Ligand SMILES: [Zn+2]
């Protein structure tokens with residue numbers, strides 16, 4: 001599957017990928033060279049995905065924001081990941097039940113709850129009965 | 001009973017959406033939701049009683065949250081049993097293929113994470129793993145989905 005990103009430069013496959021005969025596009029179609037082959041890889045970037053997955057504690061976000069000011073590598077990675085997050089969300093099915101299904105759901109629910117309610121009454125009575133017995137005993141103790 | 005009923009009606013979209021993300025079939029999804037609620041009415045009389053005995057709205061919100069979690073848990077566990085019979089029927093129309101190429105646990109995590117307000121700790125409970133394991137599942141699910149969409153993830157620390 002070869003998906004083009006909206007707003008990205010036209011598909012630029014890096015040479016390595018071509019060699020692999022892999023039809024995968026480079027991440028977000030951007031042209032920067034392989035970051036791992038460069039000296040300026042930053043270990044902080046390992047934190048980035050959990051940051052955008054928002055399991056983030058505020059403190060780590062604050063830390064990374066300050067870090068971005070001095071590290072363009074992390075900054076770039078961060079924006080790439082944000083775009084990927086949008087892609088993820090776009091590709092999750094979010095299907096709603098149609099009107100007929102909602103109606104039948106409502107009917108089933110109300111039948112089920114009616115049964116629970118009638119059962120609840122039977123469950124309640126002995127409790128009240130027991131309460132009376134206990135209060136009866138407690139009056140005897142005085 | 002009115003509170004519970006309107007709560008269940010309001011939340012049908014979340015329940016149904018979640019079940020659909022697992023099963024990719026609307027009739028099956030609806031059935032799983034109804035079965036899950038049925039199990040809830042059988043097994044959690046305690047929560048139903050709490051809801052009616054305690055009229056303070058703060059307490060009720062808390063009980064409804066527990067009910068919500070219980071039903072999502074049931075949807076997941078019933079859905080998991082049902083998927084075995086449905087394996088070949090999954091996503092015949094080809095939409096959201098990248099999503100449905102993932103296994104059910106990953107689908108559940110991605111759906112709850114991105115489409116609902118479910119807290120991380122609750123997602124862990126619903127799919128019955130600890131939070132550390134959930135972290136691993138979430139990152140490999142995200143990676144899978146991105147790769148299934150055709151992106152190269154080898155430079156990304158997902
Ligand atoms: Zn950095």
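What number, in percent, do you get for the relative contact order of chain B if the mean sequence gap of Cα pairs under 8 Å and at least 6 apart is divided by its residue count? Before the final figure, lay out each step's value.
Details: 133 pairs, mean separation 36.3, N = 158.
Relative contact order here is 23 percent.
Measuring from label point to label point, each 7 Å out along Cα→Cβ, what is the residue A:79 to residue B:46 span in nm?
Roughly 5.3 nm, to one decimal.
Go ahead and estimate [θ] at 222 nm for chain B from helices alone: -39,500 (n - 2.57) per DSSP H run with n ≥ 4, summed, over the residue count, rounded to 500. Kindly include the intermediate steps, with their values, before the conclusion.
On the way: 9 runs with 120 residues, N = 158.
It lands at -24000 deg cm²/dmol.
Using R₀ = 25 Å, calculate the FRET efficiency as 1/(1 + (r/R₀)^6) where r is the Cβ-Cβ separation of residue B:154 and residue B:97; round to 0.05. Mind showing how you got there, number by number?
Numbers: r = 22 Å, r/R0 = 0.88.
The formula returns an efficiency of 0.70 here.
Return the FRET efficiency for the residue pair residue A:118, residue B:132: r is the Cβ-Cβ distance, R0 is 41 Å, and the value is rounded to the nearest 0.05. Show your work: numbers first, answer last.
Details: r = 45 Å, r/R0 = 1.10.
Computed FRET efficiency for residue A:118 and residue B:132 comes out at 0.35.
Tell me, what is the FRET efficiency for residue A:89 and residue B:53 to the nearest 0.05, using R0 = 51 angstrom and their Cβ-Cβ distance as r? The partial results should precede the final answer.
Numbers: r = 40 Å, r/R0 = 0.79.
The pair residue A:89/residue B:53 has a calculated efficiency of 0.80.
Rounded, prolate or oblate, given the Cα gyration tensor of region B:92-158, with a/c below 1.5 counting as rounded? Numbers along the way, then the final one.
Values: a/c = 2.29, a/b = 1.35, b/c = 1.69.
Note, shape of region B:92-158 comes out oblate.
The numbers here are math on the coordinates, done by the rules we state, and not lab data. Just so it is clear, the structure is predicted and the values come from calculations on it, not from any experiment. Every residue, glycine as well, gets a Cβ built from its backbone with ideal geometry; the counts of neighbours run over all protein chains shown.
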